[in-house]
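Enquirer: Mind looking over this structure? Questions follow.
The values are calculated or read from the model by the stated rules, or taken from the named source; none is laboratory data. Given the structure is predicted, the values throughout are model-derived calculations rather than measurements. Here the Cβ positions follow ideal geometry from the backbone for every residue, glycine too, while neighbour counts run over all protein chains shown.
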Amino acid sequence: PFAGKATVTGEVKTGALLSRGAGASLTRPGQSAPRAMRVCPQAPRRTAFAWRWRDTVTGAFELTLPAGARVTGVPEPADIESPFFHYTMKWTAVGTTVKVERKLTRKLRTVGPVRFEEFRAGVEQVHVAEARAAVVRFE
């Protein structure tokens, strides 16, 4: 049972950060995923869907746990190949450090309404991968 939250401090390094707030919250990697991966409306599309970002987006998160904490399990690597994108996510744990590396490569600039359901199915696979978490034990 986990009664509360674990508060961590550290340093955030990024190539580009767009934020309206002064702080950052580390809850799960999926919150920093490209917008198309976070939101995929259920309603049928009548117009084409267009990506807003360059061909490849990469990201890495590294967290050093406090004394007395240890990682007892990480998710299996994810490798999702679709006609629209290629997505990979890999977790590693060494000692008290947990690292997540993610890469999403866009294959097509737009997705027409006819193929949007196929696109949505691939996005759902990404959501499943993003929802997995490492297991951390606090002694």
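Enquirer: Regarding ARG46, is this residue among the basic types (Lys, Arg), loosely packed, with under 11 Cβ neighbours inside 10 Å and touching a residue at least 12 places away in the same chain (Cβ under 8 Å)?
Expert: Yes; evaluated as a whole, the condition is true for this residue.
Enquirer: Out of segment 114-139, which residues are free of Cβ contacts under 8 Å to residues at least 60 places away in the same chain and either aliphatic (A, V, I, L, M) or in a loop (DSSP other than H, G, I, E, B) (or both)?
Expert: VAL114, ALA121, VAL128, ALA129, ARG132
Enquirer: Tally time: how many residues in segment 69-88 are at pLDDT below 90 and aromatic (Phe, Trp, Tyr)?
Expert: Here the count works out to 0.
Enquirer: Can you report the number of residues in segment 89-98 which are at pLDDT below 90 and not in a loop (DSSP other than H, G, I, E, B)?
Expert: Start the filter on segment 89-98 by keeping residues that are at pLDDT below 90, which leaves 94-98.
Adding the requirement that they be not in a loop (DSSP other than H, G, I, E, B) leaves 94, 97-98.
Total meeting the criteria: 3.
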